[in-house]
Amino acid sequence: MKKGNRRRLESRFPPFLFGLYLVTLLLMSGIHIGLVTLINENPHWHTAVQILIPTAYWTLVAVGLTLFTRYQITKTYDKPMKELAKAAAKVAHGDFSVYIPPLHTSNRHDYLDLMFLDFNQMVAELGSIETMRTDFIANVSHEIKTPLAAIQNYTQLLQRPGLSPSERDAYLSAIQGSTRRLSELITNILKLNKLESQQITPHRESYDLCRQLSECALAFESVWEAKGIEFDADLEDRATIQADASLMELVWNNLLSNAFKFTGPGGTVTLQQTSDEQSVSVTISDTGCGISEEARKHIFDKFYQGDTSHATEGNGLGLSLVLRVLQMMDGEISVDSTEGEGATFTVRLPIQESNKGLDV
């Protein structure tokens, strides 16, 4: 519901109800005066009858008003509160499919309607969090189980007698790769958890982005040489931004790592940086396998790996980390890709007001 609608609250006890009580009591008083006048005009009536008539009359009036008031309280408060209590009990026992319909239409919502709407929204959020928690545990368990199973298998193979030195080296190399993957998984989980729980406070400082990009790219020199990949870089001489350098290094390393990982031998990876008065843009392109339209919808989800052929080379947390860091830096990331023709990731970072006027 829009905030503007939330202000249009209708009282649970509207003024006409109090007017109804007032008119009713006045009518009852008028009838009482009529009864008294009638009794006075008939002095021959027995004294008990003179007392019984007003008493019976006001008894009926009291019973009627009591029943009507009880009906209004039950309808207005008691029944809705019981429904809310039952729904809350279901949620407390783990049922997040609960929904309480509002009592009125949207143009007549009162504060109980808003309470129900807020309750429904809270339950929906809790259900979403529970689903994410379950998926997260399942994904983590699977990701941890895979390298552990590989380590167990290769250690059993190492115990076999008569292994040649080449076989032993191959098994040890496989164990080392699995332990490295497991270590990276745990490190990324801890980093992502700290970022999402805001345990890491970004330390913004002015620094040269072009120099950082150059250093990150050179760290992958052995990778592109080993795969015979052509690497092209087009950077300005200097581009000063205000951000957390260590966190931004995480962004560039993840994007460059993915570009080289998904680009086959003889392919091309391009790093380009441009800037204007409002923002700095960094584009990382590759000529790899590309990303399907369906995969593009989920590539920033935790543990999502669109290309299962490279599943053993990562854990699906890299782009989740990238997105979270850029959100903290007030930046944004977009992807443009055609399956089979490579992918292009573009990162845009705003230039802070205090930075305008610096040489970029």
## Note on the structure
Taking Met81, Met248 and ranking on accessible area (1.4 Å, protein atoms only), highest first, one gets Met81, Met248
### Task
Give a residue-ordered list of calculated ³J(HN,Hα) values for region 84-96 (Karplus: 6.51 cos²θ - 1.76 cosθ + 1.60, θ = phi - 60°; whole Hz; x for Gly, Pro).
5, 5, 4, 5, 5, 5, 5, 5, 4, 9, x, 8, 9
### Message
Let me check something: with ligands and nucleic acids excluded, how do Tyr207, Tyr99 order by accessible area (1.4 Å probe), largest to smallest?
### Response
Tyr99, Tyr207
### Query
So for His44, His93, His109, what's the accessible-area order with a 1.4 Å probe, most first?
His93, His44, His109
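The values are calculated or read from the model by the stated rules, or taken from the named source; none is laboratory data. From a predicted model like this one, the values you see are computed outputs, not experimental measurements. Side chains included, ligands, DNA and RNA excluded: accessible areas come from the protein's heavy atoms. Shrake-Rupley method; radii C 1.70, N 1.55, O 1.52, S 1.80 Å.
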